[in-house]
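To start, the structure under review is shown below, and the notes come after it.
The values are calculated or read from the model by the stated rules, or taken from the named source; none is laboratory data. The shown structure was predicted, so the numbers you read here are calculated from the model rather than taken from an experiment. Cβ: placed from backbone, ideal geometry, glycine included. Neighbour counts: every protein chain shown. For the accessible areas, the whole protein counts, side chains as well, though only heavy atoms, and no ligand, DNA or RNA atoms are used. Shrake-Rupley method; radii C 1.70, N 1.55, O 1.52, S 1.80 Å.
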Amino acid sequence: MTRAKTFTLIKSYKPFHSKFDPCPPIGRKYFSTPPQLYINFQPPNLEQFTPEEALKYGTLWKFFYDFYDNPYRERET
Amino acid sequence: MWVYEKKLQYPVRVSNCNPRLAKYLIEQYGGADGELAAALRYLNQRYTIPDKVIGLLTDIGTEEFAHLEMIATMVYKLTKDATPQQMVAAGLGEHYANHDGALFYQNAAGDPWTATYIQAKGDPIADLYEDIAAEEKARATYQWLIDISDDPDINDSLRFLREREIVHSMRFREAVEILKEDKGKKKFF
């Protein structure tokens, strides 16, 4: 299964920031919409990782692999 | 009955001496959406779920204990060489006063684990929806832990555990589909 190039599993929105809010704005808030949300039942013959990769990633199926990292890190610097 | 393999499901390495991180990781040990709650929830619900999905709850409940062991290893490694003063400096003074360096089933705020974190309604859809929600909440907890941890080795193990939550959520969703569709039966109306 392939996904459109513009598709992302990390969504974001910009919370309203009032001039009376005490802290500087966080900018964007992020949340995950991981792959299992987009499928009801796993179809047969999905593409697989090698056994070594599967043990490392935590899933045999490429479709369900979703790397996560702190989305706020860039802003910290 | 269980067969025990004396190894972790995924390696746990710790790069930095950072006892404070243990204080946060304990959320996944004895918290509401932690691995203990998950294991006990599934291994209890499985008695009163339709036959077709009993095995799924047994398998996932068992794997949750393997995850519990990984979290325990992280917490233990992060605190095992800390002096009482280092524990206090890391915000673990209250923990030390009660437990020394022992692990305990509590959340990051120190509240002890309670069975009220889990439910067994006896209705298969209600129970499976709870299980799906539990997996998504555990996934989110792992994300927040990765966000506040800067230990690359711990984060590697946490990413593995987060991915397993995704796969478990998928399997519970499929269980709902199996019960909805009565899959495999040729029924004509």
Here region B:102-111 yields Karplus 3J(HN,Hα) values (6.51, -1.76, 1.60; θ = phi - 60°; whole Hz; Gly and Pro given as x) of 5, 6, 8, 7, 8, 8, 5, 8, x, 6
With a 1.4 Å probe and every protein chain left in place, tell me how much accessible area B:LYS180 has, in Å² to the nearest 10. 120
I'd like to compare A:16-26, A:39-49, B:132-142: which one has the highest average count of other Cβ atoms within 10 Å, and what's the full order after that? B:132-142, A:39-49, A:16-26
Estimated distance in nm for a label pair at A:PHE49 and A:ASP69, the labels positioned 7 Å out from Cα along Cα-to-Cβ: 1.7
Angle in degrees between helix B:152-181 and the longest Cα principal axis of chain B, rounded to the nearest 10: 20
Using only protein heavy atoms and a 1.4 Å probe, how much accessible area in total is buried between A and B, to the nearest 100 Å²? 2000
Inter-site label distance for B:THR62 and A:TYR38 at 7 Å from Cα along Cβ, in nm: 3.2
Solvent exposure, largest accessible area first (probe 1.4 Å, DNA, RNA and ligands not counted), of B:VAL3, B:VAL176: B:VAL3, B:VAL176
In debye, nearest 20, what is the charge dipole magnitude of chain A about its Cα centre with +1 on Lys and Arg Cβ and -1 on Asp and Glu Cβ, if you could check? 420
With a 1.4 Å probe and all protein chains in place, put B:HIS67, B:HIS99 in order of accessible area, largest first. B:HIS99, B:HIS67
Distance from a point 7 Å along Cα→Cβ of B:ILE148 to each backbone N in region B:1-44: keep the residues under 11 Å and list them by number. B:20-28
Given B:ILE125, B:ASN16, B:VAL3, which one lies farthest toward the positive end of the charge dipole of the protein assembly as shown, if we put +1 on the Cβ of every Lys and Arg and -1 on the Cβ of every Asp and Glu? B:ILE125
Would you mind computing, in nm to one decimal, how far apart the modelled labels at B:TRP2 and B:ASP111 are, each placed 7 Å from Cα along Cα→Cβ? 2.6
Using +1 on the beta carbon of Lys and Arg, -1 on that of Asp and Glu, and nothing else charged, what's the dipole of chain B about the Cα centre, debye to 20? 480
Please give the average number of partner chain Cβ atoms lying within 10 Å of the Cβ of each residue in B:161-172, rounded to a whole number. 5
Quick one: which residues, 5+ away or cross-chain, put their amide H under 5 Å from the amide H of B:GLN106? H built at 1.01 Å from N. B:GLY30, B:TRP113
When the dipole is taken about the Cα centre of the protein assembly as shown, and only Lys, Arg (+1) and Asp, Glu (-1) are charged at their Cβ, what size is it in debye, to the nearest 20? 780
Per-residue accessible area for B:SER157 at 1.4 Å probe radius, Å² rounded to 10? 0
Report the number of Lys pairs in chain B whose alpha-carbons are under 17 Å apart, with separation of 8 or more residues or on distinct chains. 7
Protection proxy (average C-beta count within 10 Å per residue), highest first, orders B:26-32, B:106-112 as B:26-32, B:106-112
Please list 3J(HN,Hα) in residue order for region B:38-51, calculated via the Karplus relation 6.51 cos²θ - 1.76 cosθ + 1.60 where θ = phi - 60°; whole Hz, with x for glycine and proline. 5, 4, 5, 4, 6, 6, 8, 5, 5, 5, 10, 10, x, 3
Angle check, please: helix B:124-148 long axis (alpha carbons) against the longest principal axis of chain B (alpha carbons), in degrees 0 to 90, nearest 10. 30
